[in-house]
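A quick write-up on the structure given underneath.
The values are calculated or read from the model by the stated rules, or taken from the named source; none is laboratory data. Quantities reported herein were computed from a predicted structural model and do not represent experimental measurements. Positions of Cβ are backbone-derived with ideal geometry, glycine not excepted, and every protein chain shown enters the neighbour counts.
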C-alpha cells in the first residue's frame with residue numbers, strides 16, 4: 001500500500017514540475033525566502049524558525065530564484081534571489097545542533113544579503129529551542145543611478161552598510177501527529193538606513209501548528225509584523241522517503257504558491273517552487289520560479305520490501321516406517337520358581353601328639 005502511494009506521489013510531482021517548466025514564466029519581487037515554521041523536510045525553514053534544526057536531517061541546500069516585475073510588457077527588470085543552508089542537528093552529541101544560512105537579493109538598483117548562524121538544543125526528544133544571529137548587508141548600485149546628486153546626505157557614508165539581526169524560536173512535537181512552532185524574528189529591530197535614520201525593520205512574531213492525517217499534512221501560521229497580522233495555510237502530501245508536494249496561500253488570497261520535492265538518488269533531491277500573486281499585481285506578472293538542490297548526509301537507506309509468500313503452498317508426504325526393536329540379551333528358565341538348598345558340612349580333624 002505504501003509503495004503504491006509513494007509511486008503516485010512521485011508521478012504527480014514530476015508531472016507538475018514538467019508542466020510548470022513548460023508553461024509558466026516570469027515572476028514578481030518579494031522579501032527574503034522563508035519556509036513554514038514547522039516543516040522539517042523543507043531546507044528553507046531554517047530562515048523562519050532556528051529551532052527546527054534539531055529535528056531536521058543533516059543536509060545542505062542551494063537554491064536560485066528568478067523573476068521579473070513590470071507594469072508594461074517592455075518594462076522587464078533583472079531580479080535575482082538565492083540561498084544556501086547547512087544543517088547539522090547532531091553537531092555536539094545528540095542534543096546540540098547548528099546551522100548556517102546565506103541569502104541574497106540582487107536588483108539593478110540595490111542588493112540585500114544575509115549571512116547567519118543558528119544553534120539549537122533538543123529537550124526530552126519532543127521539544128527544541130533555537131537562536132539565530134545574522135549579518136545583513138544593504139547596498140545600492142550607483143552605476144545605474146540617472147540624474148542623481150551624489151552629494152545627497154543619504155549616501156554621505158557610502159552606498160552600502162551592515163547591521164546585525166537576531167531571531168529565536170521553539171519547536172515541539174507533543175504527540176506524533178501534532179507539531180507546534182513559535183518565535184520572533186528581527187528581535188533587535190535592525191536599522192536598515194545607511195545613515196542611522198531609524199529605518200528599523202519591525203520585530204516579527206510568528207506561531208504555527210501542523211497536524212498529520214496519514215500522508216497528508218495541514219499547517220496554519222499567523223505572523224504579526226511589518227504588514228500587520230497575516231495568516232497562511234499550507235496543504236502538503238508527503239512520503240517518508242523524501243518526496244512532498246505542498247500548496248499554500250494566505251487567508252486574504254494575496255498570493256499563492258506550489259512547491260514539490262523529489263528524491264533522485266542516494267541523498268540528492270531536487271526542489272521546485274512556483275509563486276503567483278492574486279492581488280492587483282496579478283495583471284503585471286506571471287509568477288516566480290525557484291529551483292533548489294538538496295543533499296542529505298548519512299541518509300539511511302529504505303528497508304528492503306518484505307517478500308510476499310508464494311501462492312503455491314509446498315506439500316510433503318512422510319513415509320511410514322516400521323520401528324526396529326533394539327537387540328538385547330534374554331534369560332529364560334525351565335521352571336517358574338526358584339529352589340533353595342541348605343547343606344551342612346562337618347569336618348573332623350584328628351590330633352596326634354607325637355613325641
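Scanning region 210-231 for residues being over 16 Å from the mean Cα position of the chain (by Cα) and touching a residue at least 60 places away in the same chain (Cβ under 8 Å) gives a total of 1. Are any residues in region 163-203 closer than 19 Å to residue 113 by Cβ and outside any loop (DSSP other than H, G, I, E, B), and if so, which ones? 163, 164, 165, 166, 167, 185, 191, 200 - these are the residues of region 163-203 that are closer than 19 Å to residue 113 by Cβ and outside any loop (DSSP other than H, G, I, E, B). Could you tell me which numbered condition residue 247 fails, if it satisfies all but one of (1) within 16 Å of residue 182 (Cβ to Cβ); (2) in contact (Cβ under 8 Å) with a residue 12 or more places away in the chain? If we test residue 247 against (1) within 16 Å of residue 182 (Cβ to Cβ); (2) in contact (Cβ under 8 Å) with a residue 12 or more places away in the chain, just (1) comes out false. Taken together, the residues in region 122-136 that are more than 18 Å from the chain's Cα centre (by Cα) and either over 14 Å from residue 166 (Cα atoms) or modelled with pLDDT of 90 or more (or both) amount to 7. The residues of region 140-166 that are closer than 23 Å to residue 84 by Cβ and at pLDDT below 80, listed by number, are 141, 160, 161. Scanning region 169-180 for residues that are surrounded by 15 or more Cβ atoms within 10 Å (Cβ to Cβ) and out of contact with any helix residue (DSSP H, G or I) (no Cβ under 7 Å at 6 or more places or on another chain) gives 172, 173, 179, 180. When each of 269, 239, 193 is tested for being in contact with a strand residue (DSSP E or B) (Cβ under 9 Å, 6 or more places away or on another chain) and touching a residue at least 60 places away in the same chain (Cβ under 8 Å), the lone residue that passes is 239.
For every residue, the table says whether it meets (1) assigned to a loop (DSSP other than H, G, I, E, B); (2) surrounded by 11 or more Cβ atoms within 10 Å (Cβ to Cβ); (3) in contact with a helix residue (DSSP H, G or I) (Cβ under 8 Å, 6 or more places away or on another chain); (4) modelled with pLDDT of 65 or more.
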residue: 231; (1), (2), (3), (4): no, yes, no, yes
residue: 242; (1), (2), (3), (4): yes, yes, no, yes
residue: 294; (1), (2), (3), (4): no, yes, yes, yes
residue: 307; (1), (2), (3), (4): yes, no, no, yes
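Answer yes or no: is there a residue in region 208-217 that is on the phi > 0 side of the Ramachandran plot, at pLDDT 80 or above and in a loop (DSSP other than H, G, I, E, B). Looking for residues that are on the phi > 0 side of the Ramachandran plot, at pLDDT 80 or above and in a loop (DSSP other than H, G, I, E, B), one finds at least one in region 208-217, hence yes.
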